[in-house]
């Protein structure tokens with residue numbers, strides 16, 4: 001019998017808001033390990049300051065390596081694009097930091113709608129965190 | 001030749017006028033028509049095809065590479081190595097292949113496993129290309145995290161990108177939505193299936209991917 005580790009709805013769903021201070025202290029590799037470990041436990045993370053595009057790509061790569069077909073099918077990740085730096089910011093190499101991002105297990109979250117002003121994500125009924 | 005050997009003259013001209021050879025990756029989420037477009041380009045300029053296409057996601061699970069595809073645009077040309085990459089996704093669920101596409105459990109699991117490896121391979125190819133033809137489905141919402149992530153990655157690497165708004169032969173397509181979603185990049189509406197607007201695509205590819213770049217151009 002297949003066991004889905006996320007089918008424990010009686011234990012509720014955990015949303016963790018992660019401060020930028022917490023992530024700032026970690027290297028890119030450490031950030032990705034932390035995020036994937038939490039998401040694999042069935043937690044939904046809201047990162048106050050999201051990942052850079054290169055980190056996001058690495059997260060996708062790491063996620064693919066971690067997929068276990070009966071227990072972890074991947075991540076749902078949504079956030080806003082980094083705003084384009086102004087001319088002055090480019091000259092002084094001041095780049096805007098990544099913006100708020102939500103990351104959770106793909107069998108728990110589903111993006112319903114996303115545009116420049118709103119991201120709507122629904123929790124798939126009957127799922128819950130460990 | 002007198003003053004210059006042929007090779008060094010070519011290098012000098014290239015330095016002044018831009019590149020004449022580039023490795024171009026065809027990227028995008030699964031099922032947006034990457035291989036259909038790769039087949040279109042390769043067939044139009046070499047008579048060959050790149051790979052098989054299917055309505056089932058993750059049909060291309062290994063990158064395919066066609067070297068020396070010479071694309072002409074009036075008096076100029078660009079010779080490209082075209083790399084058709086597997087679709088990039090943040091999740092792969094074998095049950096989708098069973099429930100939606102009627103595969104057996106064994107087939108579905110094998111396809112899912114190969115699909116995850118394909119995503120990794122596609123990402124690794126980003127290290128080794130000179131420009132990207134990013135294919136999006138113009139009938140779908142363009143603000144997917146995969147599109148945003150790929151574009152952000154290419155911008156961070158300073159790689160030139162051309163967005164192909166594919167499937168405009170379908171009634172529900174809206175290339176204008178795609179253009180307004182990513183105004184910082186050139187967007188060309190096409191139908192890889194019918195070949196609609198492919199001449200303009202080739203013209204734009206030659207112009208856009210021939211430009212001199214400060215970084216990464218060889």
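The values are calculated or read from the model by the stated rules, or taken from the named source; none is laboratory data. All figures in this text were calculated on a predicted structure; none of them were measured in a lab. Here the Cβ positions follow ideal geometry from the backbone for every residue, glycine too, while neighbour counts run over all protein chains shown.
So here's what we get for this one:
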quantity	calculated
Test: residue in the stretch B:68-85 that is surrounded by 14 or more Cβ atoms within 10 Å (Cβ to Cβ), within 14 Å of chain A (Cβ to nearest Cβ) and either modelled with pLDDT under 95 or touching a helix residue (DSSP H, G or I) at 6+ places or on another chain (Cβ under 7 Å) (or both)	yes
Scan of the stretch B:61-73 for residues that are under 21 Å from residue B:46 (Cα atoms) and in contact (Cβ under 8 Å) with a residue 24 or more places away in the chain, ordered by number	B:63, B:64, B:66, B:69, B:70, B:71, B:72, B:73
Conditions (1) farther than 16 Å from residue B:25 by Cα; (2) surrounded by 18 or more Cβ atoms within 10 Å (Cβ to Cβ); (3) in contact (Cβ under 8 Å) with a residue 24 or more places away in the chain: number failed by residue B:136	(1)
Unique residue being farther than 19 Å from residue A:118 by Cα, touching a residue at least 40 places away in the same chain (Cβ under 8 Å) and either crowded, with 16+ Cβ neighbours inside 10 Å or away from chain A (no Cβ under 11 Å) (or both) when the list is B:189, B:142	B:189
Whichever residue in the stretch B:34-56 is touching a helix residue (DSSP H, G or I) at 6+ places or on another chain (Cβ under 9 Å) and at pLDDT 85 or above and, among such residues, is nearest to residue B:209 (Cα to Cα)	B:41
Test: residue in the stretch B:89-102 that is under 21 Å from the mean Cα position of the chain (by Cα), more than 14 Å from every other protein chain (Cβ to nearest Cβ) and assigned to a strand (DSSP E or B)	no
Residue within the stretch B:157-173 that is modelled with pLDDT of 95 or more, touching a strand residue (DSSP E or B) at 6+ places or on another chain (Cβ under 6 Å) and within 14 Å of chain A (Cβ to nearest Cβ) present	yes
